[in-house]
Amino acid sequence: MAGRWTKVATDGAKLVVRYGPQAKIVWDRGGRQAAAAATKRAKSLNARRKAVAHARGLVDGTVLKIAPAGTTLYVVFAGDLPVATYPPQQLPYAVLLEHADLSKRFAPPEPRPRRPRRRSTSTDLEEWQ
């Protein structure tokens with residue numbers, strides 16, 4: 001068993017020596033940018049999820065997506081009154097919404113009903129036999 005792991009480690013070391021410099025060049029050129037883009041997208045989706053959850057709890061709650069200075073923000077409204085931004089911002093709502101098209105607000109979708117999982121019973125097991 002130890003011989004197999006030694007061979008795996010040796011083969012891995014050979015690959016690192018052979019392709020390590022090329023892998024570093026590829027990572028430097030595109031990998032960091034791809035990782036940064038994925039992180040930015042994940043943060044935006046998390047902010048959207050929080051904004052939609054907040055709007056669901058409000059009477060006549062809606063959400064508006066805006067992008068001042070290239071960053072995506074979600075503004076939560078209760079009726080026509082802005083009540084929160086995700087991610088949180090220090091700028092006043094008047095500045096954030098100065099050039100925004102308020103007709104693009106959307107109501108949060110209804111959450112999908114959860115179906116209870118069906119538990120197997122002894123009769124279910126008998127059918128399989």
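State all residues of segment 82-97 that are of a type outside the set (F, W, Y) and touching a helix residue (DSSP H, G or I) at 6+ places or on another chain (Cβ under 9 Å); if no residue qualifies, say none.
P82, V83, A84, T85, P87, Q89, L91, V95, L96
Could you figure out which of (1) of a type in the set (A, V, I, L, M); (2) more than 15 Å from A107 (Cβ to Cβ); (3) more than 19 Å from the chain's Cα centre (by Cα); (4) surrounded by fewer than 11 Cβ atoms within 10 Å (Cβ to Cβ) isn't true of A84?
(4)
What about A51, is it in contact with a Gly (Cβ under 7 Å, 6 or more places away or on another chain), closer than 22 Å to A94 by Cβ and touching a residue at least 24 places away in the same chain (Cβ under 8 Å)?
no
Taking the options R56, R41, name whichever one is surrounded by fewer than 16 Cβ atoms within 10 Å (Cβ to Cβ) and touching a residue at least 40 places away in the same chain (Cβ under 8 Å).
R56
Each value in this text was obtained by applying a stated rule to the coordinates, not by laboratory testing. Just so it is clear, the structure is predicted and the values come from calculations on it, not from any experiment. Every residue, glycine as well, gets a Cβ built from its backbone with ideal geometry; the counts of neighbours run over all protein chains shown.
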